[in-house]
Amino acid sequence: MTGDNLEKMIRLADAFFEAKRDPDQISVNEKEREKLSRIHPATLTQETDENGPIAWILVIPTTGRVMEQFVCRRISERELLEQTPVGEKYDALYLCSALVLPEYRGKGIARRLTADAVRSIQRDHPIRELFYWSFSPEGTRLAKSVAGTLLLPLRERTD
């Protein structure tokens, strides 16, 4: 059955990020997915097996001005997406989220998917800096690993 992993991924995302209970987070609803796709097709990336998705990543290219407002806690994650203009050249990229089913962790899937998505976006935009807001030690390690792989500076939003 091809929906097995999809249900697991949805439960994992809901439990970890609790976006439905936090109006300041991106919930990746239909309207947000449409905007993300217009910003760049590589913003949402997944890897699947015969049972559906095993990993999802979300990266958001934006402007340095929007990045600075987010990193300095002047705007929320949702406002970051809302204030990212469509059709401009982006020079910063938000490493927003990565989810991997537990049985697939530790294989470098999230790092590979994220680095590939950033490289795809770099073909169209002069990305000079990455930034992140960590929810876990694994998220911090992933952000640092991707930044090191791509030789890009990395900034963190701290709360």
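The values are calculated or read from the model by the stated rules, or taken from the named source; none is laboratory data. Bear in mind that the values here come from a model prediction, so they are computed numbers and not experimental data. Cβ sites come from the backbone with ideal geometry, for glycine too, and all protein chains shown count toward neighbours.
Check Glu47 against each of (1) among the acidic types (Asp, Glu); (2) at pLDDT below 90; (3) in contact with a strand residue (DSSP E or B) (Cβ under 9 Å, 6 or more places away or on another chain) and name the one condition it does not meet. With respect to (1) among the acidic types (Asp, Glu); (2) at pLDDT below 90; (3) in contact with a strand residue (DSSP E or B) (Cβ under 9 Å, 6 or more places away or on another chain), Glu47 is out only on (2). Taking the criterion of being modelled with pLDDT under 95 and assigned to a helix (DSSP H, G or I), the residues of segment 52-85 that qualify are Glu77, Arg78.
Scanning segment 100-112 for residues that are within 14 Å of the chain's Cα centre (by Cα) and either over 15 Å from Trp56 (Cβ atoms) or crowded, with 20+ Cβ neighbours inside 10 Å (or both) returns Val100, Ala110. Against the numbered list (1) assigned to a helix (DSSP H, G or I); (2) over 15 Å from the mean Cα position of the chain (by Cα); (3) in contact (Cβ under 8 Å) with a residue 24 or more places away in the chain, Glu88 comes up short only at (1). Of the residues making up segment 113-151, those that are surrounded by fewer than 17 Cβ atoms within 10 Å (Cβ to Cβ), within 16 Å of the chain's Cα centre (by Cα) and assigned to a loop (DSSP other than H, G, I, E, B) number 2. Of the residues making up segment 91-112, just one is part of a loop (DSSP other than H, G, I, E, B), modelled with pLDDT under 95 and of a type in the set (Gly, Ala, Ser), namely Gly106. Cβ separations smaller than 6 Å between residues 6+ apart or across chains give the following pairs from segment 133-159 residues that are within 19 Å of Val100 (Cβ to Cβ) to residues that are among the β-branched types (Val, Ile, Thr) and surrounded by fewer than 16 Cβ atoms within 10 Å (Cβ to Cβ): Ser134/Thr140. Among the residues making up segment 71-98, those that are crowded, with 19+ Cβ neighbours inside 10 Å and either in contact with a strand residue (DSSP E or B) (Cβ under 6 Å, 6 or more places away or on another chain) or more than 18 Å from Ile127 (Cα to Cα) (or both) are Val71, Glu77, Thr84, Tyr90, Ala92, Leu93, Tyr94, Leu95, Cys96, Ser97, Ala98.
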